[in-house]
Amino acid sequence: MHSSSCSGVSLSPGGSLSVTRMTQLRFDPLEPCCTCGTLVIAELSLRRCGVFLSCHSRKADIIWFCVLQTGKVLITVFPSKCVSAKRGIEGPVQNQQMHSSDGQGYGPAVPGSYSHQMLAKVPPHQSSGQYSYSGSQNVSQSNNYQGPGQTLNRPPVAAFSGSPVQQLGPVPQVLPPALQNSAAVSSAGSFPPGASPPVLSNWQYSQTSVSQPLGAQTSHLAHVPGTGSTQPPLSLSGSTNPAGSYQYAASPGAPPLQNSYMKPGSAPPPVTQPLTPLHPPRPPLGPPPVSGPPRPSTAVAGPPTAQSLLNSAANQEGDARSTASDGSVVQNSYDTIEGGGLMATPHHSPAAPNLKMNRSVGYSYPALPPGYQHTSPPGAPGMNASALQYPDGSKHFQQPALGTNHLTASMGGLSLQQEGLRPVNLLQERNILPTTLLKAPVPNLHEDIQKLNCNPELFRCTLTNIPQTQALLNKAKLPLGLLLHPFKDLSQLPVVTSSIIVRCRSCRTYINPFVSFLDQRRWKCNLCYRVNDVPEEFLYNPVTRVYGEPHKRPEVQNATIEFMAPSEYMLRPPQPPVYLFVFDVSHNAIETGYLNTVCQTLLDNLDSLPGNTRTKIGFITFDSTIHFYSLQEGLSQPQMLIVSDIEDVFIPMPENLLVNLNENKELIQDLLKTLPQMFTKSLETQSALGPALQAAFKLMSPTGGRITVFQTQLPSVGMGALKSREEPNQRSTAKDIHLTPSTDFYKKLALDCSGQQVAVDLFLLSGQYSDLASLGCISRYSAGSVYYYQSYHHKHNPVQVEKLQKELKRYLTRKIGFEAVMRIRCTKGLSIHTFHGNFFVRSTDLLSLPNVNPDAGYAVQMSVEESLTDMQVVSFQSALLYTSSKGERRIRVHTMCLPVVTTLSDVYLGADVQAITGLLANMAVDRSVSATLSDARDALVNAVIDSLAAYRSSVLSIQQPGLTAPYSLRLFPLYILALLKQKAFQTGTNTRLDERIFTMCQVKNQPLVYLMLMTHPSLYRVDNLTDEGALNINDRTIPQPPLLQLSVEKLSRDGAYLMDAGSVMFLWIGKNCGQGFISQVLGVPNYGSIPQNMTHLPELETAESIRTRAFISWLREQRPFFPILYIIKDESPLKSSFLQNMIEDRTESALSYYEFLLHIQQQVNK
């Protein structure tokens, strides 16, 4: 074998590598580079091992491996500046040419589409047990998080003539000119093999000519004799594939999955465990060119700090791009579309002078977003030159009360609100619950800044005062994290329709109210502190129609804003809204009567489905076989097609199973009217849910969309069949092993769906155990939702029928976003390491959301990775890129700004007890699944003990008797006790396993406001409602009674009390309740006449009835789900459920609140 060496790295004739300078380098065959993923290594590959000095480490030289067609390897070492990072940061977002892996892509074909696939090379002996998933996905486990069986197989970077990439025989070796002299390449500023030159735009910082020839930048393509074309090197992105080519491999021994281009029997590449890279402080950037007009400085403001532990090239914009044969750049993943993530590496070297290049881009998009195009440098013709002649070289720009420059100046004069630190003796002060709903604490910011901050209902942090160091955070013993409700329905949402979307060119942060404008032409990013130029078009404010005031643009005046995204933010044409409904029609399902309710609700809301003229709809039913319904135009009635081979499911007639809703509405209505009667005489008891989902996935793969599946029993035949695991007497044993899935079938199928932009929503209507722990994976990993209706029956449990009707109507008509991705960014020095919610982590921090809905919440855990020295404030930004039901590509951005503090007392002062409780609940669900329920309960209790012990020892100057907590955390023990008594974490045998799992699903997927209501219900006395302090909404008067503590000692037999527990409401009537309330609100003559199963209040025209019904209706309107109202008496069988929610009282398996405080005190005083 050929021997080649450079800078101490050599390839010996035996084929083994000898490393003389970097002893931590190791090679494994048939595996892509797990660090940057920019090269496909044919025979040898790059892998992180120990403290491996990768191509993104500034501490070592960059090693590039050029694999020639003969299989020989040329190794070249470059200086320590990261060429890959330089290549990507300057680049924009560009369009990916549409490609469908199965050849059934929708819409017109894009010219120049890829004509063939690249075979993925994977290790032949990969262990299937290497992948571990839970409800949260922790990105610290690997730099590029991959799903089970996922392969990074991607189409070639461009269509070209000649033979395919895979060569069958040896090809004469030709060294690329750029590699013949590695020193020359380095000094000339060219790029290593496989890399791409920076994508340059018309934005000119310097008007001096550049002497470097352009040829040096395009000489890295190897010519293959006999093909007559220049063939680019194989490349593979560290980011995962775009929709249409996102594939997963089957587990060993399983049949190959559909649409996979892997060889049968192959396994995915292993996920490596990187150790912490050791990075020195950021070196100062070089000076700008001396010739030409002065250019904006690109120096990074703020203290020099080390890079994130998870510094992965997969998150840099540009690293997921491929170099085409003409030198242009082609996008290939949503990771690149959205831009660099929280681990994106800012510039480490001066920006190279821009070269004027006439590029034939083909079907990719411009080098920079439109906001950066067609602008002139300072002093360019057409501009007012006098505006640029500053006496001191820069003009001071007065930015009124905006940005971190103003924040920093104003922070010193603020006085802290010491009420949050007032010590509270919890054993003495019993009435600590506020009489109104607890509001989020207000960050200690200048009022001019705080009024611009993000609404806490959308974006909320567990600590509104961010500790300066991780050591300070550890000392406080409080979790640091964010809770988001990014797609919440908003009554007011600024929407910007502009050719300009201004973003930081380093970290890709969207411009927001907390950036600093240095002058009219420059702004400093509030996340990475890079100085950026203000595009010419951004100087004009379309609202005020004034030129020269960029700080007054809507983007800089609103912390929540939505952009109409240009075509650069699309991997393919926006998909149409596609809805597929999958119905269980087994004998058990028909007995419940759910099909009548669902079909009628669908009929009533067909016209309200989100969409436009492109909306498509389809239906599948299943028992032991699968039934498709052809809705072909011209048919007099729908045609049923039955597939009985559930072991090898196929689509019998793909073209007529998903049809246009508007063009085929009559056939669709006929089908919905006849479906409930079609199976009334069926005696088939088997359920082939797995094959039905496989069929649905195949049908939806070409376009993406939403699958809505209704299931009433345990799947019993075909793939995904399950067996009962519930043992009533062991529902709360110490191990509780049945919280984990019994099969990975549904998880793998969900990841397949996510790759094809398909989400699956599960409606489980069952009176028996259905193994929701396994079934729920189909929704969890595809960004879907789970609905559970325990013991649903249209006759035996009629109250569930109304609940299904109301919630299904909301589900069908609510807003929906398709093919979405979300990224959360934070100020340099902070790091996000764990995500909670329903999604798939596509590349370290990019959340894949095939569907996003306004009722879904998310949470993330954070750490202070680098000291926030000299920082007065930090910022957080979430960006949700989605396709609306109208086919518009949109970006919804939320930005939050919080102060940094240096003392432990200030950390406690800014504690948000509700957000802390919500984040701990998410973490406890993970602990329950990965360990045991007992471990999760212990962890919750220890969270209270540790934080109060730290407060007692480190903040209190005078030790006081009793159990002392800061005022901000006075409700912390109460909320944790409420979590322990919640169905997700309670002990005892009363909770059914599916019910426990469903509650855990709600914890992971509900926004904080609903989670807290479900955890700690609200109790009101309603027999004496008045108009005092009432709200007036749409000519309605809504009474506002005070909140009561959840204890029976607050109940009086003379009154009536409403308990709002989120998904259920109880109206408890005391035995001695006033006759007026019973007759004027309940419509019965006396207490004894109240029906046992009363669930509705009669519509009476009395003042008391109007007030009570208005209050209950108002409460119901505040949430997306429909709570059933149960009216109970002392002898009612539901009284036990009512008392179970009395958090402060003792139950059969849990302490009272006072007993719990005594336990906490005992542990704190140890």
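The values are calculated or read from the model by the stated rules, or taken from the named source; none is laboratory data. All values derive from a computational prediction rather than experimental measurement. No Cβ is skipped: glycine too gets one built from the backbone with ideal geometry, and neighbour counts run over all protein chains shown. For the accessible areas, the whole protein counts, side chains as well, though only heavy atoms, and no ligand, DNA or RNA atoms are used. Shrake-Rupley method; radii C 1.70, N 1.55, O 1.52, S 1.80 Å.
Quick rundown of the values:
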item	result
Segment ARG810-ASP1027, length gained on full extension (0.36 nm per residue, minus Cα span)	75.1 nm
Rule-of-thumb Rg ratio for the stretch 646-768 [Cα; 2.2 N^0.38 Å; N residues]	1.27
Per residue, in Å², the accessible surface of the stretch 526-678 once ligands and nucleic acids are set aside, probe 1.4 Å	36 Å²
Heavy-atom SASA rank of ASP1035, ASP761, ASP648 (probe 1.4 Å, accessible area, largest first)	ASP1035, ASP648, ASP761
Per residue solvent-accessible surface (Å²) - the stretch 989-1133, probe of 1.4 Å	41 Å²
Links that overshoot a 30 Å alpha carbon limit, given the list LYS806/LYS1135; LYS439/LYS1050; LYS1050/LYS1166	LYS1050/LYS1166
Nearest-0.05 FRET efficiency for LYS451 and THR902, computed from C-beta distance (R0 30 Å)	0.70
Residues with amide H under 5 Å from that of TYR787, placed H, sequence gap 5 or more	LEU762, PHE763, LEU764
With eigenvalues of the C-alpha gyration tensor scaled by 5 and rooted, the stretch 1018-1084, Å	20, 16, 12
GLN492 paired with SER791, simple spin-label distance in nm, labels 7 Å along Cα-to-beta-carbon	4.7 nm
Where labels lie 7 Å past Cα in the beta-carbon direction, separation of THR436 and GLN632 in nm	6.5 nm
Cα centroid separation, the stretch 995-1031 to the stretch 819-843 (Å)	28 Å
Surface accessible to a 1.4 Å probe, per residue, for the residues of the stretch 853-956, Å²	24 Å²
Loop GluC sites (Glu not before Pro), the stretch 532-621 (other Cβ atoms within 10 Å of the site Cβ: 11 or fewer; DSSP)	none
Accessible surface of the stretch 927-1064, 1.4 Å probe, proportion on carbon and sulfur as whole %	46 percent
Heavy-atom accessible surface of the stretch 511-558: percent carbon and sulfur, 1.4 Å	51 percent
Of all accessible heavy-atom area on the stretch 793-892, the percent that carbon and sulfur account for (1.4 Å)	45 percent
The stretch 598-691: trypsin sites (Lys or Arg not before Pro) falling in loop per DSSP and having at most 16 other Cβ within 10 Å	LYS681
Under 13 Å from LYS698, Cα to Cα: aspartates and glutamates that are on another chain or at least 8 residues apart	ASP102, ASP648, GLU655, ASP752
Normalised contact order of the stretch 535-583, rounded percent, pairs of Cα under 8 Å and 6 or more residues apart	19 percent
Ranked order, ASP645, ASP584, ASP855 - accessible area, probe 1.4 Å, largest first	ASP645, ASP855, ASP584
Rough spin-label spacing in nm, given labels placed 7 Å along Cα→Cβ, for ALA1103 and GLU995	4.1 nm
GluC sites (Glu not before Pro) restricted to DSSP loop in the stretch 425-514 with at most 14 other C-beta within 10 Å	GLU429, GLU457
Ranked by how many other beta carbons lie within 10 Å on average, peptides 1065-1075, 1046-1056, 953-963, 1002-1012 from highest	1002-1012, 1065-1075, 1046-1056, 953-963
